[in-house]
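Have a look at the structure below before the remarks.
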Amino acid sequence: MATKEVRRPTMRPESSVYTRPVGVSSKTVCAYWIAGRCTKKFCRFLHTSAPSSLANPHISKQKAIQKGNAYNATQKSNVVQKSPEKVCKFWVVGNCVEGDRCPYLHTWFRGAGFSMLVKLQGHKKAVTGIALPETSDKLYSAGTDGTARVWDCRTGQCGSVINLGGEAGSLVSDGPWIFVGVPNVVKAWNIQTNAEFNLNGPVGQVHAMVVANEMLFAGAQDGVILVWKGCSESNPFQLAGTLKGHTQAVVCLTVGRSRLYSGSVDQTIRVWDLDTLQCIMTLNGHSDVVMSLICWDQFLLSCSLDCTIKVWVATEGGNLEVTYTHNEEHGVLALSGMPDAEAKPILFCSCNDASVRLYELPSFTERGRLFGKREVRAIQIGPGGLFFSGDTSGLLSVWKWLDPDLKELSS
């Protein structure tokens, strides 16, 4: 039988990790070898003292160390650098495996002096209105999923879900009354007597409502503001007038100093006299939709998708002029304000990057940020340092300012 010779490979000595390959072209000393930490088998830098051609070997070693330290600093910064604008969607559901290496935030807020109490899950789409009526232990919310939800403030559980028959554009409360704006109607119910009424008249979605001087104002899709006044117990709401002037949808309303202020998709702010219900002024300062308005002391604050917040003040002649413009990197969706636990005025500014900035007024110094799964469209102030935010994913968050005395004890 023919046999075939089997040739075995020549045994070669094992290579050491410290063995230097022949023909290294670099004349730079390895910074990690200097520090005793280089484990590369074929490092392209020298594992020896500096070449004799250098006048001062010590300087080369020092430069190598500096380069190594600079590289380490760069690598560390790349590892810990976070995206300050976005919460990790995997962390939200408990599935992020990146840990400290994740470039996104693993927190719902940053800043001091406040904390998150609870997150209420229930709405399937955007939260468009939040209300905590006086003397009530129930929190009310409405959304574009066509429902209003009633939450128990003690347990945080949703006690009931109300089918609205359409997407909710806004929700407000006044005394025992809850008002919800849906397409072509405002729904009103009394939480004490359980009486319900449908206020007809709006054309299209009701984006904004406010109560003042015993009147309910509702801004609609067609640019008209409808006004209802209190009447008899059997018919407590009577249409008292319509305010016309805006050429596109009214998306925000606020009241201050006997004036009604309205903001619109037509990029203007209109000022209405509450006694005569006549438009007395039109403000042209924004270059995009005026999304939100609030009155604070003698100032009117407005925000827009043009990425600005404008502070308006009355002149000696009675006109309103911009006294300060604050610029943001993103479009501004909503404003609200309240004092913190130390009575410092704080402005809440929701932007379309899914965050809410907290600014201390009048300096606009940032105090912190709140984060949502998506853009926060609803911000509501409550009693006792409470405040609420609702985003377009349907997430409703409850926050609270911390007692400064308790903070000192904990620290």
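The values are calculated or read from the model by the stated rules, or taken from the named source; none is laboratory data. Remember, predicted model here, so these are calculated numbers, not experimental data. Note: ideal-geometry Cβ built from the backbone for every residue, glycine included; neighbour counts use all protein chains shown. To get the accessible areas, we keep the full protein, side chains included, count just its heavy atoms, and leave off ligands, DNA and RNA. Shrake-Rupley method; radii C 1.70, N 1.55, O 1.52, S 1.80 Å.
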Quiz item: For the subset of segment 115-133 comprising residues that are farther than 18 Å from Thr155 by Cα and assigned to a loop (DSSP other than H, G, I, E, B), which member is most open to solvent (accessible area, probe 1.4 Å)?
Solution: Lys124
Practice problem: Examine segment 217-235 for a residue that is exposed (fewer than 14 other Cβ atoms within 10 Å of the Cβ), of a type in the set (Asp, Glu) and touching a strand residue (DSSP E or B) at 6+ places or on another chain (Cβ under 8 Å), and state whether such a residue exists. | Solution: no
Quiz item: Ser136 is checked against (1) open to solvent by less than 60 Å² (accessible area, probe 1.4 Å); (2) part of a strand (DSSP E or B) and fails just one. What number does that condition carry?
Solution: (2)
Quiz prompt | Filter result (assigned to a loop (DSSP other than H, G, I, E, B), touching a Lys or Arg at 6+ places or on another chain (Cβ under 9 Å) and within 15 Å of Ser302 (Cα to Cα)) within segment 317-340 | solution = Glu328
Quiz prompt | Odd one out for Arg369, checked against (1) farther than 13 Å from Trp108 by Cβ; (2) open to solvent by 20 Å² or more (accessible area, probe 1.4 Å) | solution = (1)
Practice problem: Test Gly394 against the criterion of being surrounded by 19 or more Cβ atoms within 10 Å (Cβ to Cβ) and either hydroxyl-bearing (Ser, Thr, Tyr) or touching an Asp or Glu at 6+ places or on another chain (Cβ under 9 Å) (or both), and give yes or no. | Solution: yes
Self-check item: Test set (1) open to solvent by less than 50 Å² (accessible area, probe 1.4 Å); (2) modelled with pLDDT of 95 or more; (3) more than 27 Å from Pro183 (Cα to Cα) - Tyr324 fails condition number
Solution: (1)
Practice problem: Would you be able to tell me the number of residues in segment 341-396 that are in a strand (DSSP E or B) and among the small types (Gly, Ala, Ser)? | Solution: 6
Quiz item: Can you find a residue in segment 245-254 that is outside any strand (DSSP E or B), modelled with pLDDT under 95 and not basic (Lys, Arg)?
Solution: no
Quiz item: If you scan segment 372-411, which residues turn out to be at pLDDT below 90 and either in contact with a helix residue (DSSP H, G or I) (Cβ under 6 Å, 6 or more places away or on another chain) or not aliphatic (A, V, I, L, M) (or both)?
Solution: Gly372, Lys373, Asp403, Pro404, Asp405, Lys407, Glu408, Ser410, Ser411
Exercise. Could you list all residues from segment 140-158 that are farther than 18 Å from Gly382 by Cβ and among the small types (Gly, Ala, Ser)?
Key: Gly143, Gly146
Quiz item: Going by the conditions given, is Ser336 of a type in the set (Ser, Thr, Tyr) and either touching a Gly at 6+ places or on another chain (Cβ under 8 Å) or over 30 Å from Ala148 (Cβ atoms) (or both)?
Solution: no
Practice problem: Identify, from the list Asp340, Asp306, the residue that is farther than 22 Å from Gly263 by Cβ and either open to solvent by 30 Å² or more (accessible area, probe 1.4 Å) or not basic (Lys, Arg) (or both). | Solution: Asp340
Quiz item: Looking only at segment 286-314, which residues are touching a residue at least 40 places away in the same chain (Cβ under 8 Å), outside any strand (DSSP E or B) and out of contact with any Cys (no Cβ under 9 Å at 6 or more places or on another chain)?
Solution: Gln298, Leu305
Quiz item: Does Lys344 satisfy the condition of being among the basic types (Lys, Arg) and under 16 Å from Met116 (Cβ atoms)?
Solution: no
Self-check item: In segment 266-277, the residues that are touching a residue at least 12 places away in the same chain (Cβ under 8 Å) and either surrounded by fewer than 18 Cβ atoms within 10 Å (Cβ to Cβ) or closer than 17 Å to Lys310 by Cβ (or both)
Solution: Asp266, Gln267, Thr268, Ile269, Arg270, Val271, Asp273, Leu274, Asp275, Leu277
Exercise. May I ask you to say which residue of Ser355, Ser336 is hydroxyl-bearing (Ser, Thr, Tyr) and touching a residue at least 60 places away in the same chain (Cβ under 8 Å)?
Key: Ser355
